[in-house]
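Notes follow the structure.
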Amino acid sequence: AMLSLILLSLAQYTAQQEALMEAIIMVESSGNPEAVGDNGNAIGCMQIWKPYHYDSGVPGKYENCFDVEYSKRVFDGYMKRYAKEAWTNPKKFDPEKVARIHNGGPRGYRKKATEKYWVKVKRELKK
């Protein structure tokens, strides 16, 4: 029973969600969980800001974002809140919308400024 519990906790993301998170991790930090950027405002492999962490609704300290699995949980919480079906529904999965929200906030997918970011993530996804 313990093993199936462990496997369940590992298999919480779909293959397409996992691929998108990995691409974002490469664009944000080249896979470095200890990365600090944006003048100290963004931390961890996904370069998460304090307000983003707060908005995700994931319990725990902001500093936990230096942990890869925790960062993914924060990303997941944030996208369940703001990207909704573009993240949660495999039939409506929209990696561009999700990536641009990660980069530019809840309405990031509408911002011209996030277009270049999506190009980088898309390039990573094709690898």
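The values are calculated or read from the model by the stated rules, or taken from the named source; none is laboratory data. A quick note: this is a predicted structure, and the numbers were derived from the prediction, not measured. So basically every Cβ, Gly included, is an ideal-geometry build from the backbone, and we count neighbours across all protein chains shown. Heads up: the accessible areas ignore ligands, DNA and RNA and are worked out on the full protein's heavy atoms, side chains in. Shrake-Rupley method; radii C 1.70, N 1.55, O 1.52, S 1.80 Å.
Find the lysine pairs in region 2-101 meeting two conditions, Cα atoms under 18 Å apart and a separation of 8 or more places or different chains, and report how many there are.
Value for region 2-101: 12.
Using R₀ = 22 Å, calculate the FRET efficiency as 1/(1 + (r/R₀)^6) where r is the Cβ-Cβ separation of Asp55 and Lys111; round to 0.05. Let's see the in-between values first.
Numbers: r = 17 Å, r/R0 = 0.77.
Result of the calculation: an efficiency of 0.80.
About the Cα centre of the chain, what is the dipole size in debye to 20, counting +1 per Lys and Arg Cβ and -1 per Asp and Glu Cβ, all else neutral? Write out the running numbers ahead of the final one.
On the way: 21 positive and 15 negative charges, 147 e Å.
The calculated dipole for the chain is roughly 700 debye.
Tell me which of Met79, Gly108, Ala23 sits at the most positive position along the dipole axis of the chain, charges placed on C-beta atoms (Lys, Arg +1; Asp, Glu -1).
The residue sitting most towards the positive pole is Gly108.
First check a/c for region 66-127, with a ≥ b ≥ c the square roots of the eigenvalues of its C-alpha gyration tensor; if it is under 1.5, answer rounded, and if not, answer prolate when a/b is larger than b/c or oblate otherwise. Working shown, then result.
On the way: a/c = 1.34, a/b = 1.18, b/c = 1.13.
Rounded, since a/c falls under 1.5.
Given a 1.4 angstrom probe, I'd like the percentage of the accessible area of the chain that is carbon and sulfur, rounded to a whole number. Don't skip to the answer; put the middle values down first.
Values: 4190 of 7630 Å².
Carbon plus sulfur share of accessible area: 55 percent.
Output wanted: per-residue J couplings in Hz (rounded whole) for region 41-55, from phi through Karplus 6.51 cos²θ - 1.76 cosθ + 1.60, θ = phi - 60°, x for Gly and Pro.
So the J values, rounded to whole Hz, are 8, 10, 10, x, 4, 9, 6, 8, 8, 3, x, 5, 4, 4, 5.
Amide H neighbours of Ile48 under 5 Å, counting only residues 5+ apart in sequence or on other chains, H built in-plane at 1.01 Å?
The answer is Ile43.
Per residue, how many Å² of accessible area does the chain show with a 1.4 Å probe?
Numbers: 7630 Å² over 127 residues.
Accessible area per residue, the chain: 60 Å².
Give a residue-ordered list of calculated ³J(HN,Hα) values for region 16-23 (Karplus: 6.51 cos²θ - 1.76 cosθ + 1.60, θ = phi - 60°; whole Hz; x for Gly, Pro).
Per residue, the Karplus-derived 3J(HN,Hα) values read 6, 5, 4, 4, 5, 4, 5, 4 Hz.
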